[in-house]
Structure formats: structure tokens, C-alpha cells
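One structure is given here, and the rest of the page talks about it.
The values are calculated or read from the model by the stated rules, or taken from the named source; none is laboratory data. Quick caveat, the model's predicted, so the values are computed rather than measured. When we count neighbours, we look across all protein chains shown, and the Cβ atoms used for this are built from the backbone with ideal geometry, even at glycine.
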Amino acid sequence: MQEFFTNLVSGISVWDVADIAIIAFVLYKILGFIRETRAEQLIKGLLILIVATFLSGVLHLNALNWILKGAMQFGVIALVIVFQPELRRGLEYVGRSKFIRPQFAVMDKENVKTMVSAVVKAVDRFSVSKTGALIIMEREIALNDYAETGVIVNAELSAELLGNIFYVGAPLHDGAAIIRGDMLFAAACVLPLTEKKDLPTELGTRHRAGIGITEVSDALAIIVSEETGIISSAFNGNLTRFLDVKTLEKNILNMYLSEKPDNKKFSFLNFFGKEKRNVSK
């Protein structure tokens, strides 16, 4: 037995270890990517189908095995169609360049504070006056396709400008405002709606659009309810409700002023992960 293990270990090279480590890392990332999405349930169904195919072959259930193998062949094409949003999101994640910093990472500290202060001040006013608003803060993934559905503004951001945009009856109030860096990039933009079925019934199109844009990008969506004035935010497909402006300001500043992108992402996920339970209130 000792000789067996000795031969086994001696036959493993550094490249074999690296190969296994890379595969393990890729599998870990894939599992993390599909976790808590509709892809998770589909993956479970696919695994059951694979096990059933294997068992039908072992037990010589020839007719069942033939049907399952046929289903597996056509299933590859079906998976590409069904997983299209997830595949697009995954490819966008892989394609993000770490050599090109997003705009929010290169702004100086004072500009960041001024921009965040303008957003938070506007959100606070919207909450008090129960003015519906949907503000999208662009991060690494560009939102040009969605900006083109509205009106390109490219104006210096201020609380007053956001107030004019979302003023009831204003030409651009019906839609989302997209912030790029410290500028208001576009307004009256149309966003994709989430397909989640487990959202509270009182949440309307504005909240569904806010969640939807974060399912296909890494943006942060800030939503103010027109009926209740409740401040919500969406990130990574998860909705957080009942936020106060101080908490919102603190965490947006942490995102913008964090020196390391990994820390920035970590603090953001921690914040919105902790509050995710509020969605059902």
C-alpha cells in the first residue's frame, strides 16, 4: 500500500497540481455564479437527467436510455436558449478588463463626495415628497444600449437636476436616469424587467426594472417608491428595501472610495446581502 501511494505521488507533477487547481477554481466560480438564480434549479434538473441516463444504461432499460440520450443531445441547444441571460452576464463578467479602471475609480475624492451628496440629497427629497425615481449608477459594464433608449443628457450632476428630471409631469420623468462617473449620462431610459416571480405584489414596474438592470450588469439601482416614499436599492439581482439615506450614502461612498476593486465589491455584496431579507416586508 505504501509503495502504491509512493508511486502515485511521484507520478504527479507541478503541472498536474496546477491543472487540478485551475479546474477547481473554475468550477467554484461557476457554482458561485449560478447560486441563488433560476439557473440553480435548472442545473439540479440537468444533474437528475444525467443520473437517470447513467442508471438506465446500467440497468439495461434500453428504451428509456435511448429517450434520455436523445433528450440530452437536444438539451444542449435548449440550455443555450434558456440560459441566454446568464451566459451573457457571465461572458460580460469574464470580459471585464482589470487594466481599465471604471470611471468611478479614477474620480478624485472631492468629486466623489460631491456626486454622492447630490444623489443622496435628491433621494431624500424624493422620499419625503413621495416622488417616484429610478437612478442607475453605472460601474464597470457600460450601459450605452439602455442609455440610447432614452435621452442623452451628459450634464453635471446635481440634486436640483435630478429633481427636475423626476418632477411629476416633466418630459423625462418616466424612466430611469443613468449616472456615469460624476455626470448624469442619460434620462428617461427603458430598462429590462426582472422575471422573478417571488417579489411582493406591491412592487411595480419601477422596482422590477431596477432589479432587471442589475441582473444583466453590475450597476447599482436606487429606487424610490411613488406610493410610499420607501427607498430601495438593487444590486446583483437582489432587492434591498427600507433604506435610510445615511446608510445609503455610507455604502455608496465605500464603493467609490475603496482603493482595491475586490474590497469594493466585497463591501458592496456584504451590505446588500445583509439587507436582502427586507424584500419580503
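A few comments on the model shown:
- Residue count for segment 155-182 satisfying the condition of being of a type in the set (V, I, T) and either over 23 Å from the mean Cα position of the chain (by Cα) or not assigned by TED's automatic domain parsing to the domain that holds A209 (or both): 2.
- Output for segment 211-252, where each listed residue is in a helix (DSSP H, G or I), of a type outside the set (V, I, T) and under 24 Å from T114 (Cα atoms): K246, L248, E249, K250, N251
- The listed residue being touching a residue at least 40 places away in the same chain (Cβ under 8 Å), assigned to a loop (DSSP other than H, G, I, E, B) and more than 21 Å from V112 (Cβ to Cβ), out of E202, E195: E195
- If you go through segment 149-179 and pick out every residue that is assigned to a loop (DSSP other than H, G, I, E, B) and either crowded, with 16+ Cβ neighbours inside 10 Å or touching a residue at least 12 places away in the same chain (Cβ under 8 Å) (or both), you end up with 12.
- Count of residues meeting criterion [at pLDDT below 80 and over 20 Å from the mean Cα position of the chain (by Cα)] in segment 17-46: 3
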